[in-house]
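Right, one structure below, let's go through it.
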Amino acid sequence: MTKVVVDPITRIEGHLRIEVEADGGRIKNAWASSTQFRGIEIILEGRDPRDAWAFTQRICGVCTTVHALASCRAVEDALGIDVPPAGGLIRTLVHGMQTVQDHVIHFYHLHALDWVDVVSALKADPGATANLAASLSPWPNNSKTYFTEVQNRLKSFVDSGQLGIFANGYWGHPAYKLPPEANLMAVAHYLEALDWQRDVIRLHTIFAGKNPHPNFLVGGMASAINLDGTATINAESLSKIRDMITRARLFVEQVYWPDLLAVASFYKDWAKIGGGVPNYLAVGEYPENGNWRDAESMYLPSGVIFDNDLSTVVPYDQEKVKEYINASWYDYKEGDKVALHPSVGETIPHYTGPEPPWTYLQGEEKYTWMKAPRYDDKPMEVGPLARMLVAYASGHADTKEVVGEALGRLQVGPAALFSTLGRTAARGAETLLLARRLETWYDALVTRIKSGDTATFSQKRWSPDTWPASAEGYGFLGAARGALGHWVKIQDGKIVHYQCVVPSTWNCSPRDVHGATGPYEAALMDNHPLADPKRPLEILRTIHSFDPCMACGVHVLDAQGREVTQVRVKG
Amino acid sequence: MFFPSSYPWTENETLGEHLERRGVSRRAFLKYCGELAVVLGVSQALTPQIAEALQKVRRPSVIWLQLQECTGCVESTLRTSDPTIGDLLLDLISLDFNDTLMAAAGDAAEGAMQTAMKENAGKYILIVTGSVPLAADGMYLTMGGRRGRDVLEEAAANAGAVLAVGACAHFGSVQSAKPNPTGAVGVADIVKDKPVVTIAGCPPIADTITATVVHYLTFNRLPETDGEGRPLFAYGKRIHDQCSRRAHFDAGQYVEAFDDEGARNGWCLYEMGCKGPETFSPCPIFQWNSHTSWPIGSGHPCLGCTERNFWDTMTPFYNRLPAVAGFGVERNADHIGLALAGAAVAGVAAHAIATGIHRSKEGHTPHEPAVDLPVVETPAEKSKEERHD
Ligand code: SF4
């Protein structure tokens with residue numbers, strides 16, 4: 001057995017450590033450890049619930065809208081606030097663009113280098129690259145001149161000896177399979193995507209003032225609509241939004257999606273690797289009438305799939321979410337064996353790991369700051385793959401079409417989706433669906449505005465005088481990385497309890513009391529190769545296919561947390 | 001951007017040589033230096049000196065350390081709005097370690113950082129985002145199996161310059177809000193043997209980060225800062241004094257509820273809790289995401305995120321300033337409101353715009369107490385004002 005530690009896992013949000021045991025080129029056992037704790041939920045206690053969106057938003061700056069929105073929904077649920085349709089549609093657009101932009105950044109800037117050998121692109125023939133690109137897509141930048149220029153830039157970069165972020169990559173690793181031309185094409189689009197993401201996200205700036213960390217508002221959105229105003233959402237800003245939406249769709253249709261399918265066709269063996277936990281959970285998202293409480297209005301459906309069985313989608317019920325801490329650096333008052341629902345969740349941080357510097361965490365009973373969420377006592381994968389599977393299995397027409405196209409082009413069946421490659425492909429499929437759908441939501445907003453329905457905010461329950469003495473709420477969100485839930489309790493105008501169960505907590509969860517591993521761990525133990533323990537490229541592929549967001553995963557807690565913060569340092 | 005938009009350097013090349021090889025004209029370069037002078041708030045007359053200094057720069061190594069944080073600051077940098085500044089800077093630097101973007105992982109990533117620290121000892125620029133948790137013996141953050149604090153101390157020891165970027169690195173930000181469960185502190189609380197420049201904000205506008213680095217490379221020293229370590233060129237002015245809604249403040253035209261008539265006419269957000277009167281930030285000038293808009297511009301009150309401990313001192317966010325402990329604005333504001341109820345509204349507003357302009361020309365004094373609200377002018381002041389014109 002060889003023990004391998006990858007810490008830090010880079011090209012993710014936050015701090016993640018992976019340890020594996022490998023034998024004969026296969027991974028036999030795996031541990032995922034989150035090595036950062038911030039304690040945001042405890043900080044929320046005693047505060048104005050209308051401020052909670054801003055605090056929870058800072059859980060994560062990559063998926064920078066999702067906690068804010070989930071928080072607004074939780075507080076609105078508790079206080080019985082309905083968001084006016086135009087305000088709700090603006091949120092749908094903001095969230096939709098967030099997911100599209102986030103998925104594209106993930107593919108090119110966080111994930112692509114696992115599949116694309118930058119150095120090999122130097123050997124490409126720019127003319128052949130142009131032909132390859134033209135055979136895949138009508139994208140205008142497909143000329144020989146263009147690819148020659150990119151290659152020259154890359155060449156002098158490598159010649160300079162200062163490789164910057166490309167230093168020490170696993171270039172030349174035998175697991176890289178793309179021909180030089182495909183590598184050059186992908187590197188060129190890596191660069192183009194940088195400009196693209198900067199441009200399309202300005203939708204957030206117009207509706208919500210800035211990005212990262214745009215501004216939200218309990219009860220709606222703060223950007224008022226007045227077509228004739230100069231300091232409001234007006235005809236000019238709407239036409240800019242329209243342009244960004246078009247640009248977003250074109251890039252996804254003509255660059256991301258064709259690139260993804262082209263790259264995937266060289267890595268079809270990865271459709272049999274890295275499946276892992278066979279259960280998938282989706283909460284549903286993108287209210288098309290702006291009302292997030294209306295399950296019917298959700299563009300993507302909610303539901304749960306067990307045991308890779310695509311013939312049955314079970315309705316999702318938030319009461320069945322519970323969290324274990326038997327392998328996490330926390331205590332529960334009732335001990336380590338129980339699982340608690342987030343509405344009564346506790347988080348008492350209690351580090352019991354070894355004294356740093358660590359060599360190995362494996363073998364430790366507790367080894368992470370992540371809790372272990374379970375649904376109906378089962379580990380669940382959440383994220384684009386879960387959403388696409390739930391939609392596909394529910395007969396969602398657009399999803400069937402796009403996922404069907406991908407399966408057809410790669411000549412594989414739906415079972416191929418339960419894999420590292422399936423996860424990466426599902427993220428692309430979802431991006432394509434959403435990039436196309438943004439126009440529908442935009443049109444719905446404009447139709448509302450034209451009919452004079454421009455209200456973006458509900459004043460009715462804004463003032464704390466109008467609130468009940470105590471209230472409880474749940475807000476969910478189908479965030480880019482998966483199912484997100486916020487649970488809030490309010491008393492006398494103040495937050496008394498707050499819990500988040502977050503996509504990366506589901507996916508990065510450690511072992512539970514039954515010994516069941518979380519999705520990262522299970523995926524690394526599912527038919528998983530590791531050719532060279534010194535250059536663990538394959539581990540990065542599978543972990544990155546989940547798009548980890550560690551800061552999100554480690555949140556916390558309730559009133560008890562602040563009382564006991566002990567550290568037991570082991571030898 | 002990072003390598004991406006950049007045209008790589010050959011070894012030991014200076015920026016002058018590099019640009020020449022790249023075919024950038026002298027004229028274009030001088031234009032850039034002129035823009036830089038504007039951003040940095042120095043006289044345009046200094047443009048030739050800036051150009052001369054920048055030309056001699058050799059590509060420095062930058063190590064970007066991410067501690068206890070949310071990656072929003074890196075994301076913000078990815079959205080650098082001014083392509084000239086962004087490209088030139090990122091062309092200028094060799095980003096040798098950055099968790100979010102680098103290809104290498106694990107030991108290979110650690111190795112890249114160790115190499116950069118060794119080869120550029122005493123010279124590299126250390127950018128830190130994120131805070132350092134001190135509670136529980138530092139165990140709330142480990143990286144590569146080591147405490148975050150140890151990693152920071154090691155990286156800072158041989159850094160030529162240290163930039164604390166974002167509210168977390170500034171003072172601990174959200175995780176340091178009461179009761180600060182992890183004992184989070186800012187970079188300057190750990191790195192004490194050298195100056196730490198603070199690029200405040202949650203997150204800061206990317207251009208502020210890039211302009212500071214370029215300043216350092218150009219003048220071979222860090223920019224002048226206020227008591228918080230914030231560069232004066234970016235943080236020397238109060239939002240309230242640069243705000244596009246200021247005329248409405250002075251005219252007593254306040255949004256009283258979100259989406260009311262005032263909101264639909266772009267009136268002042270003071271009553272909705274705007275912290276602009278107490279916040280020093282380049283938001284109204286630089287704006288966000290390619291100058292597209294900014295928080296107040298899009299109808300939401302300022303949260304005050306460039307100020308120390310704003311999660312505690314500026315909350316509840318939607319209460320207007322007087323309700324926040326430590327501020328004494330209420331009397332003034334009411335006084336103004338009453339004064340403006342009279343007939344001379346238009347005249348006073350015009351005056352206020354004029355004074356706003358004067359003020360921005362005069363510059364600023366950091367840490368001025370409370371808000372300097374316009375009062376109904378006396379004849380003496382008026383004549384002074386006229387003399388200015
Ligand atoms: S109170 Fe806020 S919105 Fe009003 S003028 Fe000042 S900074 Fe602008």
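The values are calculated or read from the model by the stated rules, or taken from the named source; none is laboratory data. Everything numeric in this text was worked out from a predicted model, so none of it was measured. FYI the Cβ positions are ideal-geometry reconstructions off the backbone, even for glycines, and counts take in every protein chain you see. We work out accessible area using only protein heavy atoms, side chains counted, and drop any ligands, DNA or RNA first. Shrake-Rupley method; radii C 1.70, N 1.55, O 1.52, S 1.80 Å.
Quick check on chain A: helices-only [θ] at 222 nm, where DSSP H runs of length 4 and up contribute -39,500 (n - 2.57) each and the sum goes over total residues. Nearest 500, please.
-11000 deg cm²/dmol
If you stretched the chain out fully between residue A:320 and residue A:447, how much longer would it get, using 0.36 nm times the residue separation minus the C-alpha to C-alpha distance?
Fully extending the segment from residue A:320 to residue A:447 adds 41.8 nm.
So how much slack lies between residue A:465 and residue A:141, counting 0.36 nm per residue of separation and subtracting their Cα-Cα distance, in nm? Please report the intermediate quantities before stating the final value.
On the way: separation 324, 0.36 × 324 = 116.64 nm, distance 5.84 nm.
Full-extension gain reported as 110.8 nm.
With a Förster radius of 41 Å, plug the Cβ-Cβ distance of residue A:156 and residue A:411 into 1/(1 + (r/R0)^6) and report the FRET value to the nearest 0.05.
Computed FRET efficiency for residue A:156 and residue A:411 comes out at 0.55.
What fraction of the DSSP beta bridges in the protein assembly as shown is antiparallel, stated in percent and rounded to the nearest 5?
Numbers: 58 of 84 bridges.
Of those bridges, close to 70 percent are antiparallel.
At a Förster radius of 60 Å, what calculated FRET efficiency corresponds to the Cβ-Cβ distance of residue A:492 and residue B:14, to the nearest 0.05?
0.40
Given the C-alpha centroids of region A:308-356 and region B:196-215, what is the distance between them in whole angstrom?
39 Å
Over chain A, what is the percentage of antiparallel beta bridges among all DSSP beta bridges, to the nearest 5?
Working: 48 of 55 bridges.
The antiparallel fraction comes to roughly 85 percent.
Which is the longest run of chain A containing none of the GluC sites (Glu not before Pro) found in DSSP loop states (not H, G, I, E, B) with at most 12 other C-beta atoms within 10 Å? List each step's numbers first, then the result.
Working: sites that count: A:334, A:365, A:563.
Free of exposed loop sites, the longest segment is A:1-333.
Below 13 angstrom from the Cβ of residue A:470, what's the summed charge of the other residues (Lys, Arg +1; Asp, Glu -1)?
Combined, the nearby Lys, Arg, Asp and Glu give 0.
With the full set of protein chains in place, find how many percent of the accessible area of region A:377-502 is carbon and sulfur; take the probe as 1.4 Å.
Taking all protein chains in place, region A:377-502 shows 50 percent carbon and sulfur surface.
Going by a ≥ b ≥ c, the root eigenvalues of the Cα gyration tensor, does region B:14-58 fall in the rounded group (a/c under 1.5), the prolate group (a/b larger than b/c) or the oblate group?
Prolate is the answer for region B:14-58, as a/c is 1.5 or above and a/b outweighs b/c.
For the pair residue A:149/residue A:195, report the inter-label distance in nm, with labels modelled 7 Å from Cα in the Cβ direction.
In this crude spin-label approximation the distance works out to 0.8 nm.
How much net charge surrounds residue B:298 when only other residues with a Cβ under 12 Å from its Cβ are counted (Lys, Arg +1; Asp, Glu -1)?
+3
Can you work out the accessible area per residue across chain A, with the rest of the protein chains kept in place, probe 1.4 Å, in square angstrom? Mind dumping the intermediate values first?
Working: 16660 Å² over 571 residues.
Per-residue value: 29 Å².
If you add up the charges near residue B:218, with Lys and Arg at +1 and Asp and Glu at -1, over every other residue whose beta carbon is less than 10 angstrom from its beta carbon, what do you get?
Charge balance near residue B:218 sits at +1.
Leaving out ligands, DNA and RNA, calculate the buried accessible area for the pair A and B with a 1.4 Å probe, summed over both sides, in Å² to the nearest 100.
7800 Å²
What percent of all Cα-Cα pairs in region B:239-313 falls in each 10 Å bin, counting up from 0?
21, 53, 26, 1
Given axes a ≥ b ≥ c from the Cα gyration tensor, I'd like to know whether the protein assembly as shown is rounded (a/c under 1.5), prolate (a/b larger than b/c) or oblate. Provide the component values of the computation, followed by the final result.
Working: a/c = 1.43, a/b = 1.20, b/c = 1.20.
Because its axes are fairly even, with a/c under 1.5, the protein assembly as shown counts as rounded.
At a Förster radius of 41 Å, what calculated FRET efficiency corresponds to the Cβ-Cβ distance of residue A:344 and residue A:230, to the nearest 0.05?
0.25
Which percent of the accessible heavy-atom area of region A:104-213 goes to carbon and sulfur, probe 1.4 angstrom? Present the calculation step by step, with values, prior to reporting the outcome.
Numbers: 1870 of 3310 Å².
So the carbon and sulfur contribution to the accessible surface is 57 percent.
Modelling each spin label as a point 7 Å along the Cα-to-Cβ direction, I'd like the residue A:514/residue A:268 distance in nm, to one decimal.
A separation of 3.6 nm, rounded to one decimal place.
Please get the size of the charge dipole for the protein assembly as shown, origin at its Cα centre, with Cβ charges of +1 on Lys and Arg and -1 on Asp and Glu, quoted in debye to the nearest 20.
That gives the protein assembly as shown a dipole magnitude of about 1160 debye.
7 Å from Cα along Cα→Cβ at both residue B:256 and residue B:45: what's the point-to-point distance in nm?
My value for the distance between the label points is 5.2 nm.
Between residue B:189 and residue B:220, what length comes free when the chain is fully extended (0.36 nm per residue of separation minus the Cα-Cα distance, one decimal in nm)?
8.7 nm
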